[in-house]
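K.L.:
Pasting a structure here, questions to come.
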Amino acid sequence: MAVFDKREIGSVLAKQGILIAFALFMIAFTIANPKFISVDNVFSVVRSSAILGVMALGVTFVVISGNLDLSVGSMMSFSTIVVLDLHDKVGPALAIPLMFAMTLCLGAFIGFLVGYLRLNSLIVTLGMLSAIHGLTLTYSGGQNMDIADKEGTWFSVFGQGTALGIPVPILIFVALAALLGLTLARTPYGRKVYAVGGNGTAATFSGIRRARTVFTCYLISAGCVATAGLIQASRSLGSQNTVGQGLELEVLAAVILGGASLLGGSGTIFKTVIGVLILGFIQNGLLLVGLQFYVQFVVTWIIIILAVWLDIAAKRGKLWSMIA
Amino acid sequence: MQKVNLSVALKGGAIWGFIVLELLFFSIAGEYLSVSDKAFMDLENMLLLFKQSAPIGIIAMGMTIVMVNGNIDLSVGATFAIAAIILLDSMTWPIFAGLGDWVIPVAWLLALTVGTLLGALNGLIVWKTGVDAFIVTLGSMLGYRGIVFMFNGENPTSHLNWTLVDFAEAEFLGLATATWFLLGVTLVMWFVMARTVHGRNAYAIGDNREAAVNAGIRVGPHMMINFAIIGFLAALSAVVFYSESGSVNPNDGQLYELWVITAVVLGGTKITGGAGNVIGTFGGVIAIQLLRKGLGHIGADTSTVNLVIGLILIAVLFLDKQLNIKGKEELRV
Amino acid sequence: ESHGGAMKIGITQNNVGVDSYQTTYEKAFIEAAEGNDMVETIVLDAGGDVARQIAQMEDLIQQDVDAIIIWPTNGEAVIPAVRKAHQAGIPVIVTNSNIAEQGFDFVKSFSGPDNITQGARSAEIMCDKFKEMGIEDEAQVVHITGQPGYTTAIERAKGFEDRLPEVCPNVTVVDTQPGDWNREKSQQVMEAFLVKYDDIDGVYAGDDNMGVGALNAAKAAGRDGIIFVGATNFAVGYEAMAAGDYWGSIYQSPVDDAKAALQTAVDVLSGEEVPFLNYFDTPKITQDNMGDFTKPVF
Amino acid sequence: MTQPVLRLEDIVKTFPGVRALDGVSLSVMPGEVHALMGENGAGKSTLMKVLGGIHQPTEGAIYMGDEKVVMAGPLEAKAKGIVFIHQELSLAEELSVAENIYLGELPRKSFGRVDWATLTKKTDAILGKLNVGFDARTRVGDLSIANQQMVEIARALTVDAKAVIFDEPTASLTDAEKVVLFDVIADLKRDGVGVIYISHRMEEIFKITDRISILRDGQYQGTVNTAETTEEAVTQMMIGRKLDLSRNAAHHELGEVALEVKGLSCGKLYKDISFEIRRGEVVGFYGLVGAGRTEIAETLFGLRTPSAGQIRLAGKDVKIDSPTDAIAKGISLVPEDRKGQGLVLGMNCRDNMTLPQVDDLKSGPFMAEGAEVAIFDQYRDRLDIRTPGWKQKVGNLSGGNQQKIVIGKWLSMHPEVLIVDEPTRGIDVGSKSEIHKLLRELAAQGYAVMVISSEMPEVMHVSDRIVAMYSGRIMRTFTSEEVTEDSLIQAISGIGQEVA
Ligand SMILES: Nc1ncnc2c1ncn2[C@@H]1O[C@H](COP(=O)(O)OP(=O)(O)OP(=O)(O)O)[C@@H](O)[C@H]1O
Ligand SMILES: Nc1ncnc2c1ncn2[C@@H]1O[C@H](COP(=O)(O)OP(=O)(O)OP(=O)(O)O)[C@@H](O)[C@H]1O
Ligand SMILES: [Mg+2]
Ligand SMILES: [Mg+2]
């Protein structure tokens, strides 16, 4: 029978390369500027990461199911613009569910194309990136969208409020992460998502409805995008049509930084959250250190690659042998 | 048997059918909607089409081999910008002052070398760290863009050399310089991928990496060569284009990666690797340029253009899928 | 002039849809053209991509338009394409941001705002306010620029940074970061500035969208008394000014911009004399004089 | 005394948590066919991967002749004359047969061009020797699994090999192709090549090998001359006990008809198929590769749409439109391609096993992980699955143990109708007889069992009745009393009349 390695516990620890990377550069930034770790700053980073983070939670589902979603940035602009517009037209209480319904429709459309028609998700969502942008421009006439009465609306609570001393966006992010994390890790549905992404054919042979599973992943993603749009809209009570532009790649970077494989079948919500925090803290840390934005680009590049490499090395046990 | 041949022909031909469809549509719609008196399918307009396809097209040929290889390169837009800067900036360097117009080939060579090196650097990182190409190049898309800005801050880098412009604007046998480069690159890449051992190994690696490793193909260096090729081609694209325009903004080439990938996938290359060819990619590039040109021709506004381009991408994919369905007998998985 | 009387005018714009200024410009341009029976237009958008813009220039030349209006994505890169139009006998009018001097021989006229002056005026607005508050010798300013690489962003930044030391030599610009013309991005940048600097007296943003983003950050952090100055007065900026949160900006109307460009083209085609540099005025707007201006429509 | 071509000394190989090889020594003489035997997970493939440069040994040394060698990678191993025919197919599906056979060493012309003429000529020569029905230009993805296996085997003939390793080459071959393979091996032997042959099929081992080395749990058990030993002795060395190979002949009472198929057709794949399986009955389907048996199974499992005919379950006409539907109606299918269809390789053992019933194993909204582990433990014991624990990724298990996971997965569904397609592919003798026994037991408990197999002894061993298929049609149905090897071979070759 197979013998258990005595160093197993050590090696399990050593496998968490991404956490080690995270810890290392938190320390480095704190040394460079002690304000980095101040409560104010941490809250500020997490709060502004919440939007990216909420989107990344949904995209984690999509990526684990073996697909991509490049339309989330564009879709987030759409939700933001729509909810702001409806806020003044029908009032916030109705605007929010309406916006969610519209965003979910977009998600359902993508889910239908990728899940049921089995079209390639990269191209479908790239196409939707462009199409939804067009839709947003048509909807808004290309104009900024602003709430008329910014002081007197309770709508600002999602982006600007606090509860128990914690900013609401952070609470939403944490709650959603917990909910989706449990769904993914502990429920039959989560198991199906992993199976479909790991080997879609085998999943089908096991009686899992592959199309439906993929479809729901896109619905979840759209739901997260709508939530992000809500926070965004509520945070600034006004927005441009391009507010989410380019976020798709940042979101994907966060998900993959967290260790999800683009091939599907692996990744966890917890690690995505770490990925989101890493990205958020890198951006903020480099700002605090006061580097030019273009030096930040270069440094971000190096940090991303080092972090992922560290993670891979750790999983292969190389890191452990380097230390031990 | 004949039916089989037909379906095989259709299978590879979805993109060409789509191009015909586009031509028909824009010609007819143009009659009613266009302000211009000129027909869409005017010969000159079609020749322009090839020329205008060059910037994306040349890079797409490199992306084809990289994607067949099972990788992807998101940093091509930034490499494109860096090469352009080197091209234009180096012509003003004091050490080359004595060269006169001979500075042009030197600048070309420098730009191409830098592009190749940047590509190779991506390849080296992929090879040595084992990090997925998607992340490596997502990172260098940022990093290389940072390097672009380091050259000249936020300012454009410019050097208008009219000799160079005249060369780039010249026509030979009725085709513009850029068109010749696009055709040449397509031909060479076709040769590399279909005829050489390196090209065939690219397919093998993309198809079944483990099998390739087991068969003793040195996968790491092989992939690095392909990244160097795409770096070279991104630089070549920049060299061809900026010879004619003489100035580069630090954010030029942004989103090129997405357009290039779109063209390649429309042309039938599998995202997971192992299948695809440059002729299909050529079709994909032409289809995209036609779409842009045609929508301008019939006077669509920006929001419509965005909407239509997006939906058409999806429609092509759908068409392709329908043509590839083998029939009712197929296993439903 | 010969084609059934109508003038065919083609325009290739920079990047419509990226902000409401450009969108409003496009709308106003189309409206103005529709209001003029003598004009037919082909409206194109380069999506911020030089290569696409040059292709559009070629397309317009190939379609034999009577005049071309260009909003350059890059003031130098388009020169050879402009030369081509010139050689084909098509007059070219540059709009909004000018092309480089080397290309002046090939264009008929430029119509648009003067961004360097705008930057300088913003510096003056800020300096005046500091003097009024009596902090002109100690004030610290942070600067949020537009999307890196854009002519407009570069020129405004240059105008501001050159002029500020002239009028307020003791005010220091402690940090500069781009906000990409984006409210959210600017808000994030400002959040970091607020953590980093305990004392910020003024914020200059390359446009009001970013200015309001920065304002939101300051409000959320509870930091009062900061003087916000922007440019391109957007509706949000105007409102924030009305609310007393935002100090000043530069009034610039995309409708005027678009109309001026079209009129210049029509004038050129009708054989009228037009000045080569056709700047339209972009006045200062602050809480003090905002009553003189209508609220921007964008 | 001649020198061995290859000598392995005290090889140890550990993976995280697993000591796969524990001091194995072995030598292979020129012109010898050396069998390597052991239970699933004993370490055979791992040992060969060490030899082929794919894994580096943790300890120990490899000698070729007198020289100590290091196989730094597959390329080095190949350069030293070691050819490795893998257990798991290792082909690039989009490429042609020729390119696959010469993968990594395509002949070159000037400018790095592929020398297609030479390539095709050489390949056709090899394919001619192998007597297969496809040519050099065929796309490998279009070949059946068996033919893909032949492509793998063809690789052995491309280089001047010193040693050739065959890791379960016959797992998916039928008898005709096996004959060809054995000819190839005989040729290699004549040329003085050392052949290492891994298989779980005793009759092959005793037919073609000279010596047998045995592994158990990664430990070397010894080497015996094939001529001087018996199946029983080898089995005992492998599993450490005697094996009861007698057929569980007890006929049990047959119940009512569980599955009835009438006039089922599916395009060109198969035509006019009718049969019935009663509760308590095991019906074997035997035929050549491509006879269409798998396709029938897939149709019954809702993966294909029949073009004509009826399916009746327990006397009721049913339409099965998806595997989900099939499972709900009490059908289970153990598919023939475990890697592609049977398993999610990146998932752990437990999760793979409970995959079809995730919706039923809930406590509240969550998975009942305890119940899952219980199911896993039950079938691990029953099928003797060797794994360090349920957390192990299935992809890290040995081939045979992977197959057992698939079987366990479908047994745990307690189906009314159990369809197994090539159930013992790659399974060691001990477990194989366990599985056979299990199939009989299941029948005895009232299950209806359909067994598709390309191994004649297997079908004859487990079936109450045997359906012989040829080219998409049922040629004849035998009862276990009347069936003989000859009549069966006749029926599946298309000779003999149709008895539906
Ligand atoms: N990459 C790996 N990581 C962890 N464990 C592994 C790995 N490869 C093999 N093992 C383990 O090593 C042991 C030996 O496996 P191996 O594949 O050599 O068995 P085998 O004798 O070839 O069995 P079979 O007859 O089933 O093919 C098994 O316990 C297996 O789980
Ligand atoms: N990869 C493939 N591509 C195209 N046709 C195939 C492929 N595999 C099998 N076929 C065809 O499908 C039919 C049945 O094939 P298959 O080999 O699965 O039958 P089978 O009776 O299940 O045989 P076995 O179980 O021994 O593999 C044959 O007509 C065969 O030519
Ligand atoms: Mg094995
Ligand atoms: Mg079969």
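The values are calculated or read from the model by the stated rules, or taken from the named source; none is laboratory data. All figures in this text were calculated on a predicted structure; none of them were measured in a lab. Backbone-built Cβ (ideal geometry, glycine too); neighbour counts: all protein chains shown. Keep in mind that these areas ignore ligands, DNA and RNA; they rest on the heavy atoms of the full protein, side chains included. Shrake-Rupley method; radii C 1.70, N 1.55, O 1.52, S 1.80 Å.
K.L.:
Return yes when D:ASP124 is more than 16 Å from ligand 2 (Cβ to nearest atom), modelled with pLDDT under 90 and open to solvent by 40 Å² or more (accessible area, probe 1.4 Å) and no when it is not. Please lay out each step first, then the result.
P.N.:
Details: more than 16 Å from ligand 2 (Cβ to nearest atom): yes; modelled with pLDDT under 90: no; open to solvent by 40 Å² or more (accessible area, probe 1.4 Å): yes.
No; evaluated as a whole, the condition is false for this residue.
K.L.:
In the range C:222-278, which residues are open to solvent by less than 20 Å² (accessible area, probe 1.4 Å) and of a type in the set (Asp, Glu)?
P.N.:
C:ASP257
K.L.:
Now for a different question. Go through D:ALA156, D:ALA146 for me and flag whichever is over 30 Å from D:GLU295 (Cβ atoms), part of a helix (DSSP H, G or I) and either open to solvent by less than 10 Å² (accessible area, probe 1.4 Å) or within 16 Å of ligand 3 (Cβ to nearest atom) (or both). Can you show your working first?
P.N.:
Working: D:ALA146 fails: over 30 Å from D:GLU295 (Cβ atoms).
Result: D:ALA156 is the single residue among D:ALA156, D:ALA146 that is over 30 Å from D:GLU295 (Cβ atoms), part of a helix (DSSP H, G or I) and either open to solvent by less than 10 Å² (accessible area, probe 1.4 Å) or within 16 Å of ligand 3 (Cβ to nearest atom) (or both).
K.L.:
Right, another one. Residues in the range B:165-187 that are within 23 Å of B:LEU87 (Cα to Cα), part of a helix (DSSP H, G or I) and of a type in the set (A, V, I, L, M, F, W, C): how many?
P.N.:
Residues meeting the conditions: 9.
K.L.:
I'd like to verify a number: residues in the range D:381-428 that are among the charged types (D, E, K, R), more than 23 Å from D:ARG201 (Cα to Cα) and in a helix (DSSP H, G or I), how many?
P.N.:
Applying the first criterion (among the charged types (D, E, K, R)) to the range D:381-428 yields D:381-382, D:384, D:386, D:391, D:393, D:404, D:409, D:416, D:421-422, D:425, D:428.
Among the residues that remain, those that are also more than 23 Å from D:ARG201 (Cα to Cα) are: D:381, D:391, D:393, D:409, D:416.
Checking the rest, the ones that are also in a helix (DSSP H, G or I) come to D:381, D:409.
Residues that pass the stated criteria total 2.
K.L.:
Moving on. Within the range D:462-492, how many residues turn out to be open to solvent by less than 50 Å² (accessible area, probe 1.4 Å) and assigned to a loop (DSSP other than H, G, I, E, B)?
P.N.:
Count: 5.
K.L.:
Another question about this same structure. Consider D:ALA42 carefully, then state whether it is within 16 Å of ligand 1 (Cβ to nearest atom) and closer than 28 Å to D:VAL184 by Cβ. Let's see the steps before the verdict.
P.N.:
Working: within 16 Å of ligand 1 (Cβ to nearest atom): yes; closer than 28 Å to D:VAL184 by Cβ: yes.
Here the answer is yes, as D:ALA42 does meet what is asked.
K.L.:
Now for a separate question. So which residues in the range D:281-295 are at pLDDT 90 or above, within 9 Å of ligand 2 (Cβ to nearest atom) and either within 14 Å of chain B (Cβ to nearest Cβ) or in contact with a helix residue (DSSP H, G or I) (Cβ under 8 Å, 6 or more places away or on another chain) (or both), if there are any at all?
P.N.:
Going residue by residue through the range D:281-295, those that are at pLDDT 90 or above are D:281-286, D:293-295.
Now narrow it down to the ones that are within 9 Å of ligand 2 (Cβ to nearest atom): D:285, D:293-295.
Result: D:PHE285, D:THR294, D:GLU295.
K.L.:
Can you name the number of the only condition in (1) over 27 Å from A:VAL63 (Cβ atoms); (2) open to solvent by 10 Å² or more (accessible area, probe 1.4 Å); (3) part of a helix (DSSP H, G or I); (4) touching a helix residue (DSSP H, G or I) at 6+ places or on another chain (Cβ under 7 Å) that B:ILE125 fails?
P.N.:
(1)
K.L.:
If we scan the range B:100-117, do we find a residue that is touching a residue at least 24 places away in the same chain (Cβ under 8 Å), in a helix (DSSP H, G or I) and either under 16 Å from B:HIS222 (Cα atoms) or in contact with a strand residue (DSSP E or B) (Cβ under 9 Å, 6 or more places away or on another chain) (or both)?
P.N.:
Yes; the residues of the range B:100-117 include at least one that is touching a residue at least 24 places away in the same chain (Cβ under 8 Å), in a helix (DSSP H, G or I) and either under 16 Å from B:HIS222 (Cα atoms) or in contact with a strand residue (DSSP E or B) (Cβ under 9 Å, 6 or more places away or on another chain) (or both).
K.L.:
Which of the residues spanning the range D:296-325 are over 22 Å from D:VAL257 (Cα atoms) and either among the hydrophobic types (A, V, I, L, M, F, W, C) or within 16 Å of ligand 2 (Cβ to nearest atom) (or both)? Before the answer, list the steps.
P.N.:
Just the residues of the range D:296-325 that are over 22 Å from D:VAL257 (Cα atoms), to begin with: D:303-305, D:307, D:322, D:324.
Within the range D:296-325, D:LEU303, D:ARG304, D:THR305, D:SER307 qualify.
K.L.:
Hey, can you tell me all the residues within the range B:169-218 that are more than 8 Å from chain D (Cβ to nearest Cβ), surrounded by 18 or more Cβ atoms within 10 Å (Cβ to Cβ) and free of Cβ contacts under 8 Å to residues at least 40 places away in the same chain?
P.N.:
B:TRP180
K.L.:
Next question. Every residue in the range C:279-298 that is part of a loop (DSSP other than H, G, I, E, B), touching an Asp or Glu at 6+ places or on another chain (Cβ under 8 Å) and open to solvent by 20 Å² or more (accessible area, probe 1.4 Å), please. Explain how you work it out, then say what you get.
P.N.:
Taking the range C:279-298 first, the residues part of a loop (DSSP other than H, G, I, E, B) are C:280-283, C:287-289, C:293-298.
Within this subset, residues satisfying the condition of being touching an Asp or Glu at 6+ places or on another chain (Cβ under 8 Å) are C:280, C:282, C:295.
Within the range C:279-298, C:PHE280, C:LYS295 qualify.
K.L.:
Something else now. Checking the conditions here, which among B:ALA275, B:ALA228, B:ALA300 is without any contact (Cβ under 8 Å) to a residue 24 or more places away in the chain, open to solvent by 10 Å² or more (accessible area, probe 1.4 Å) and either facing another protein chain (nearest Cβ under 10 Å) or more than 12 Å from the chain's Cα centre (by Cα) (or both)?
P.N.:
Working: B:ALA275 fails: without any contact (Cβ under 8 Å) to a residue 24 or more places away in the chain; B:ALA228 fails: without any contact (Cβ under 8 Å) to a residue 24 or more places away in the chain.
Selected residue: B:ALA300, the only one of B:ALA275, B:ALA228, B:ALA300 that is without any contact (Cβ under 8 Å) to a residue 24 or more places away in the chain, open to solvent by 10 Å² or more (accessible area, probe 1.4 Å) and either facing another protein chain (nearest Cβ under 10 Å) or more than 12 Å from the chain's Cα centre (by Cα) (or both).
K.L.:
Report, ordered by the first and then the second residue, all pairs with beta carbons closer than 6 Å, sequence separation of six or more or different chains, a first member in the range C:259-282 that is modelled with pLDDT of 90 or more, and a second member that is crowded, with 17+ Cβ neighbours inside 10 Å and hydroxyl-bearing (Ser, Thr, Tyr).
P.N.:
Listed pairs, sorted by first residue: C:ALA260/C:SER111; C:ALA261/C:THR95; C:ALA261/C:SER111; C:THR264/C:SER109; C:THR264/C:SER111; C:PHE276/C:SER109.
K.L.:
Tell me which helices (runs of 4 or more DSSP H) are completely within the range D:28-142 and hold 2 or more residues being of a type in the set (Val, Ile, Thr) and assigned by TED's automatic domain parsing to the domain that holds D:LEU181, or say none if there are none. Before the answer, list the steps.
P.N.:
Values: elements: D:44-51, D:74-79, D:97-101, D:116-130.
Result: D:44-51, D:97-101, D:116-130.
K.L.:
Further question: Restricted to the range D:1-24, and to residues that are within 27 Å of the chain's Cα centre (by Cα) and open to solvent by 20 Å² or more (accessible area, probe 1.4 Å), which residue is farthest from ligand 3 (Cβ to nearest atom)?
P.N.:
D:PRO16
K.L.:
Going through the range A:44-76 one residue at a time, which ones are among the aliphatic types (A, V, I, L, M), part of a helix (DSSP H, G or I) and open to solvent by 10 Å² or more (accessible area, probe 1.4 Å)? Break it down stepwise before answering.
P.N.:
Within the range A:44-76, the first condition is being among the aliphatic types (A, V, I, L, M), and the residues that meet it are A:45-46, A:50-52, A:54-57, A:59, A:62-64, A:68, A:70, A:72, A:75-76.
With part of a helix (DSSP H, G or I) added as a condition, the list becomes A:45-46, A:50-52, A:54-57, A:59, A:62-64, A:72, A:75-76.
Correct list: A:VAL46, A:LEU52.
K.L.:
Can you give me the ranges of the strands (runs of 3 or more DSSP E) entirely in the range D:275-344 with at least 1 residues that are touching an Asp or Glu at 6+ places or on another chain (Cβ under 9 Å) and among the charged types (D, E, K, R)?
P.N.:
Working: elements: D:282-287, D:308-313, D:316-318, D:331-334.
The qualifying strands (runs of 3 or more DSSP E) are D:308-313.
K.L.:
So, in the range D:75-91, how many residues would count as being surrounded by 22 or more Cβ atoms within 10 Å (Cβ to Cβ) and without any contact (Cβ under 8 Å) to a residue 60 or more places away in the chain?
P.N.:
Residues that pass the stated criteria total 1.
K.L.:
Condition (residue is touching a residue at least 40 places away in the same chain (Cβ under 8 Å) and under 18 Å from C:GLN62 (Cα atoms)) applied to the range B:76-85: is it met by at least one residue? It would help to see each step written out before you state the result.
P.N.:
Taking the range B:76-85 as the starting set, the residues that turn out to be touching a residue at least 40 places away in the same chain (Cβ under 8 Å) are B:76-85.
If we keep only those that are under 18 Å from C:GLN62 (Cα atoms) as well, we get none.
Checked against the condition, which is being touching a residue at least 40 places away in the same chain (Cβ under 8 Å) and under 18 Å from C:GLN62 (Cα atoms), the range B:76-85 yields no hits at all.
K.L.:
Restricting attention to the range D:388-425, and to residues there that are within 16 Å of ligand 4 (Cβ to nearest atom) and open to solvent by 10 Å² or more (accessible area, probe 1.4 Å), which single residue is nearest to D:GLU295 (Cα to Cα)? Before you say what the answer is, go through the steps one by one.
P.N.:
Taking the range D:388-425 and keeping what is within 16 Å of ligand 4 (Cβ to nearest atom), we get D:403, D:406, D:419-425.
Cutting the leftovers down to open to solvent by 10 Å² or more (accessible area, probe 1.4 Å) gives us D:422, D:425.
On the way: D:GLU422: 13, D:ARG425: 18 Å.
Top of the filtered list is D:GLU422.
K.L.:
Checking the structure you have, find out if any residue of the range D:440-453 is more than 16 Å from ligand 4 (Cβ to nearest atom) and within 14 Å of another protein chain (Cβ to nearest Cβ). I'd like the intermediate steps shown before the answer.
P.N.:
Going residue by residue through the range D:440-453, those that are more than 16 Å from ligand 4 (Cβ to nearest atom) are D:440-449.
Keeping just the survivors that are within 14 Å of another protein chain (Cβ to nearest Cβ) gives none.
Checked the range D:440-453: no residue is more than 16 Å from ligand 4 (Cβ to nearest atom) and within 14 Å of another protein chain (Cβ to nearest Cβ).
K.L.:
One residue is enough: does the range D:241-262 have a residue meeting the conditions in a helix (DSSP H, G or I), more than 14 Å from every other protein chain (Cβ to nearest Cβ), away from ligand 4 (no atom under 16 Å from the Cβ) and open to solvent by 10 Å² or more (accessible area, probe 1.4 Å)? Can you show your working first?
P.N.:
First pass over the range D:241-262, keeping only residues in a helix (DSSP H, G or I): none.
No: zero hits.
K.L.:
Inside the range B:18-47, can you point out the residues that are under 25 Å from B:TRP190 (Cα atoms) and either open to solvent by 40 Å² or more (accessible area, probe 1.4 Å) or in contact (Cβ under 8 Å) with a residue 24 or more places away in the chain (or both)? Step through it out loud before you land on a result.
P.N.:
Filtering the range B:18-47 down to residues under 25 Å from B:TRP190 (Cα atoms) leaves B:18-20, B:46-47.
Correct list: B:PHE18, B:ILE19, B:VAL20, B:LEU47.
K.L.:
Okay, moving on. Can you say whether D:ARG278 is within 16 Å of ligand 4 (Cβ to nearest atom), basic (Lys, Arg) and away from chain B (no Cβ under 14 Å), as far as the supplied structure shows? It would help to see each step written out before you state the result.
P.N.:
Numbers: within 16 Å of ligand 4 (Cβ to nearest atom): no; basic (Lys, Arg): yes; away from chain B (no Cβ under 14 Å): yes.
Judged against the criteria, D:ARG278 is not a match.
K.L.:
Only one of these is without any contact (Cβ under 8 Å) to a residue 60 or more places away in the chain and within 16 Å of ligand 3 (Cβ to nearest atom): D:GLU204, D:GLU168. Name it. It would help to see each step written out before you state the result.
P.N.:
Values: D:GLU168 fails: without any contact (Cβ under 8 Å) to a residue 60 or more places away in the chain.
That would be D:GLU204, the only listed residue that is without any contact (Cβ under 8 Å) to a residue 60 or more places away in the chain and within 16 Å of ligand 3 (Cβ to nearest atom).
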